[in-house]
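All remarks here apply to the structure that follows.
The values are calculated or read from the model by the stated rules, or taken from the named source; none is laboratory data. Just so you know, these numbers come straight off a predicted model, no measurement behind them. No Cβ is skipped: glycine too gets one built from the backbone with ideal geometry, and neighbour counts run over all protein chains shown. Only protein heavy atoms, including side chains, enter the accessible area calculation; ligands, DNA and RNA are left aside. Shrake-Rupley method; radii C 1.70, N 1.55, O 1.52, S 1.80 Å.
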Amino acid sequence: MYADGSLTHTHVSTMDRECVSLLPAVCEVLAGSGRSLPDDTSLEKLLDWFTGLTKAGGSLLEACPCLLDFISAVVSNTASDPGVLSFTLKLAGLAAATEKGFRMLQESSLLDLVFNLQRWQEAGFWEDPCLRIGWIQGLNNLLLHPKALNFFVQSDFIEPLLQLQTDTSLFVASAANQLLAHILIFFQPVSSAGCNGLDKKEEEDDGRTQTSIHTAVVMTISQYLKDSLVPKENKQLHQSLQILKLLALLLTQAGPPLRDKLLQTVSDPLEELVAAGCSQLTLPLMDVILAAYSRDTDERAPDQRVTRLLSSMLNINKPSGLIHAAAAFLRRGHRNTVHTARAVRILLLPLDIIADHTLLGTNTTDEHQSSVLEQLKGKTSCISLICVCLTNTPQITLMPSDVLPCPPDLIVTAVLSLLRICSGVSLSTVCSEVCRNVIGSSKVQKCALEALTALNSSPGVKEKINDVFTVLIKYLDDPDSDPTVLHKSYQALVTWSVCTDLSLITDQLRQDLVEVVKKRVCDMRWEVRDSTVEFLGHLQECDVSEALLGGCCTTHLLREALQDTESYVRASAVSALAKTLAHSWQQGAALGQEEGEIVSRLLEILSQDTEGFSRRAVVQYFIAWFSSSPSHSPQSSVATSCTSLLMQCVPSVLSQGSADLDWEVKVHTLELVELLMDEAFSGHRRYKKTSDTRQAPSHPYGVVSNQAFTLHTHTGQHTDGVESDLSGVLNNLVELGVVSAMLSGLVDCDRPVGLRACRLLITLRETVADDAVGVSCELPDRGWGLEIRKMLGVKKSAGAREVDIAGKRCFNDDSEDCGVGVCEALRSLGLDERLDVLTQSSDHVHNSPLSLLQDILTASAAHTRPDTQAGEEVIVDCY
């Protein structure tokens with residue numbers, strides 16, 4: 001680089017040098033086309049490249065000198081396409097982001113020309129939001145040093161930028177907001193120790209100048225905010241909304257001096273807005289107040305003006321705004337006792353009214369009760385307010401007792417009452433008009449079930465278990481319950497079962513649950529069957545199935561589900577069976593006839609099922625089985641019929657799984673391969689395992705399991721055996737199909753498969769080295785076998801050592817299966833080079849600036865060819 005840090009060609013990569021050489025031609029195309037490119041994302045991608053060069057350090061205009069002429073040509077051409085013009089404005093700002101680039105544009109008289117607002121208005125371009133965006137973002141790129149701020153102020157850009165803050169285009173308005181915030185925050189004064197002598201004096205002078213300019217900008221913007229914050233009429237609500245968004249952004253990021261100045265200026269109009277109680281502005285207004293309140297409580301005592309505004313928001317008269325304001329306050333997690341207690345009472349009020357449970361006390365009447373009651377009489381507003389209330393109840397019950405108006409168990413009782421009302425089982429005698437609004441509302445039911453699920457961790461609620469189960473079982477048994485409601489009911493049952501003493505549950509409730517599960521597992525709707533099967537699996541996983549369902553024949557129900565017509569259900573059944581049988585696997589228990597039939601059915605699914613979900617689940621089943629079993633060696637003293645059957649199945653699983661059409665099935669198959677290698681080379685001094693603990697397989701359609709499987713490995717004699725008989729261990733892996741699965745995956749067309757296989761093969765190569773010479777692996781005469789042989793043939797022709805096992809030469813014998821020496825092949829396949837390519841992915845070639853520039857030139861050449869027909873599409877393969 002030069003002394004000033006600018007880019008030189010010697011410090012640019014080879015690809016970037018090629019890009020720089022193509023750039024003049026691309027600039028000529030863009031400047032002279034008068035129209036946008038066929039791929040309208042090309043310009044943004046080109047800008048991304050320029051941004052990357054700028055962030056690398058130095059002057060963009062020195063690295064790419066042709067850009068100066070390009071900018072001049074485009075902004076001087078009144079026929080330029082608005083998209084190209086917008087790109088040029090952004091590019092000019094990016095080029096001027098350094099003081100050197102800024103000076104070069106000024107000396108060329110381009111800076112004033114590029115950002116001359118009046119010129120664009122007179123030329124008719126300003127009406128296009130694309131150009132307005134370009135103007136704003138160009139300035140945003142530019143404003144990174146004091147000279148740029150001085151240019152911005154002297155050009156009188158503050159007023160037009162403030163007008164754009166309420167532009168009819170939301171994109172333009174948002175960009176203007178971001179730029180205003182950037183100016184105020186980026187240039188706010190900071191203390192600096194400075195340097196010595198003359199440099200210190202110059203720095204202090206520059207600092208004072210910048211502070212003076214920034215102060216003037218703050219005053220102008222603050223006054224605008226003060227004058228425009230309160231809408232004079234309804235059509236100005238959009239303006240108030242944008243200003244509130246800007247204020248929230250500023251108060252979140254500004255330092256104390258700027259924040260104090262802003263609050264001092266806008267506190268009066270904010271109070272006026274609060275008093276007006278405009279429901280459309282409630283949440284953005286709370287964002288502003290809480291942004292100021294949060295920063296104050298983080299650093300010092302809250303500003304009295306902010307505290308007063310917050311108190312006013314928690315006492316506004318409109319119920320909808322009041323409840324949303326209280327919810328916003330609780331979401332911030334503040335622990336101010338007075339305000340928190342007030343927010344809690346507000347949020348519990350709708351539930352108190354509809355459930356008639358005196359959550360707020362028997363001797364008190366909330367001043368907003370009558371207005372909230374009126375709001376609840378409208379169906380839409382009733383559902384909205386109730387859902388806001390329910391969403392916050394779990395958080396409320398975990399709060400200190402000094403802010404709670406009632407014990408947490410009373411809130412659980414109220415939620416259960418609401419669920420009964422929703423299903424039409426009971427109605428409040430006080431508010432029957434309100435109750436009718438929630439009967440049959442799946443939205444309220446789902447929200448209440450989610451709240452009930454989370455309420456299980458509240459203090460003092462465990463004794464409600466029978467009431468909870470009674471309501472949930474009623475929902476599961478209700479023929480009118482929709483599938484999502486049933487799914488959430490199952491989730492609630494699992495959560496409460498895990499966190500509660502199940503001995504409290506009555507025998508009748510257990511029997512009722514068994515009956516409803518048997519009914520729902522045969523439901524006409526596949527979603528319901530799927531949720532039921534998942535539920536059975538989760539109970540097994542949490543080890544509460546026996547306590548809850550007793551002898552419900554879970555395994556039999558899941559076996560039946562393996563025959564389901566819907567692939568999601570079949571996949572869930574496979575996953576649930578793995579959880580059901582995990583305990584017996586861990587104990588090494590002998591398999592009965594039923595378990596053997598399950599394995600046969602699973603292998604049938606893997607080879608014949610038309611849906612990938614089911615096949616993925618089967619491979620994951622065998623992964624879970626292998627991970628849970630204590631030993632897999634036929635010679636082991638603890639080997640059982642269970643492990644024997646497992647190892648008999650492994651070759652078939654690996655063979656079918658590695659040949660599957662679904663890439664996820666193949667990746668799962670390689671996960672099993674890795675487990676087999678871990679077991680085979682356990683304790684070997686050269687073997688590097690990635691991890692001893694793996695996440696349990698998760699069903700692609702359902703609740704993700706948090707259970708972790710730990711591979712049972714053995715040391716001692718097993719380790720000594722591996723060291724002394726490495727050839728035997730490798731030969732055993734070959735016979736199981738482990739090596740074939742890896743070789744197959746290496747040449748797979750799906751990159752995740754190839755990447756995983758390549759890494760495993762490198763691990764195998766480093767482990768066996770030359771200590772297992774003579775072990776060979778059969779290669780098929782087509783498909784992946786042919787690909788591997790071609791790879792080895794290429795290596796041979798390049799001078800690699802010839803692989804010749806038992807007189808068979810696999811390089812040119814395509815007529816029949818042949819053997820290849822495993823150790824020799826591992827050295828000859830170029831695994832390290834292949835790993836580099838697979839790790840980089842295709843993006844490093846195709847999604848590159850060079851590819852982008854070439855595509856732009858190709859598209860331009862196609863457009864200018866005389867044989868191109870009018871309206872003929874030109875395909876641009878830009879990344």
Requested in this report: Mind counting the residues in segment 56-68 that are assigned to a helix (DSSP H, G or I) and under 16 Å from Ala96 (Cβ atoms)?
Outcome: 6
Query raised in the report: Pairs under 7 Å by beta carbon, first residue of a type in the set (Gly, Ala, Ser) in segment 208-237, partner at pLDDT 90 or above and buried (at least 18 other Cβ atoms within 10 Å of the Cβ), six or more apart or different chains?
Result: Ser222/Leu262; Ser222/Thr265; Ser228/Ile243
Query raised in the report: Quick one: is Pro405 at pLDDT below 95, assigned to a loop (DSSP other than H, G, I, E, B) and in contact with a Gly (Cβ under 7 Å, 6 or more places away or on another chain)?
Result: yes
Report task. Would you be able to tell me the number of residues in segment 310-358 that are under 24 Å from Pro269 (Cα atoms), among the β-branched types (Val, Ile, Thr) and in contact (Cβ under 8 Å) with a residue 60 or more places away in the chain? Result -> 1
Query raised in the report: If the Cβ limit is 9 Å and pairs must be 6+ apart or interchain, which residue in segment 769-784 that is among the hydrophobic types (A, V, I, L, M, F, W, C) pairs with which residue that is open to solvent by less than 50 Å² (accessible area, probe 1.4 Å) and part of a loop (DSSP other than H, G, I, E, B)?
Result: Leu779/Cys810; Trp784/Val747; Trp784/Asp748
Report task. Please specify each residue of segment 589-623 satisfying the condition of being in a loop (DSSP other than H, G, I, E, B) and either touching a residue at least 60 places away in the same chain (Cβ under 8 Å) or among the charged types (D, E, K, R) (or both). Result -> Asp609, Glu611
**Report entry** Filtered residues of segment 73-98 (kept if open to solvent by less than 20 Å² (accessible area, probe 1.4 Å) and not in a helix (DSSP H, G or I))
**Finding:** Ser80, Ala96, Ala97
Query - Among the residues listed as Leu427, Leu452, the single one being of a type in the set (A, V, I, L, M, F, W, C) and open to solvent by 60 Å² or more (accessible area, probe 1.4 Å) - result: Leu427
**Report entry** Single residue of Leu779, Leu792, Leu786, Leu761 found to be under 35 Å from the mean Cα position of the chain (by Cα) and either aliphatic (A, V, I, L, M) or farther than 22 Å from Arg685 by Cα (or both)
**Finding:** Leu761
Query raised in the report: So is Leu373 of a type in the set (A, V, I, L, M, F, W, C), open to solvent by 30 Å² or more (accessible area, probe 1.4 Å) and under 24 Å from Leu314 (Cα atoms) or not?
Result: yes
Requested in this report: Say whether the condition of being closer than 19 Å to Ala492 by Cβ, of a type in the set (Ser, Thr, Tyr) and not in a loop (DSSP other than H, G, I, E, B) is met by at least one residue in segment 361-383.
Outcome: no
Query raised in the report: Looking at segment 515-570, what helices (runs of 4 or more DSSP H) fall wholly within it and have at least 1 residues that are under 33 Å from the mean Cα position of the chain (by Cα), farther than 17 Å from Ile598 by Cβ and among the acidic types (Asp, Glu)?
Result: 526-541
Requested in this report: With respect to Pro231, determine if the residue is in contact with a His (Cβ under 9 Å, 6 or more places away or on another chain), surrounded by fewer than 20 Cβ atoms within 10 Å (Cβ to Cβ) and within 22 Å of Leu161 (Cβ to Cβ).
Outcome: yes
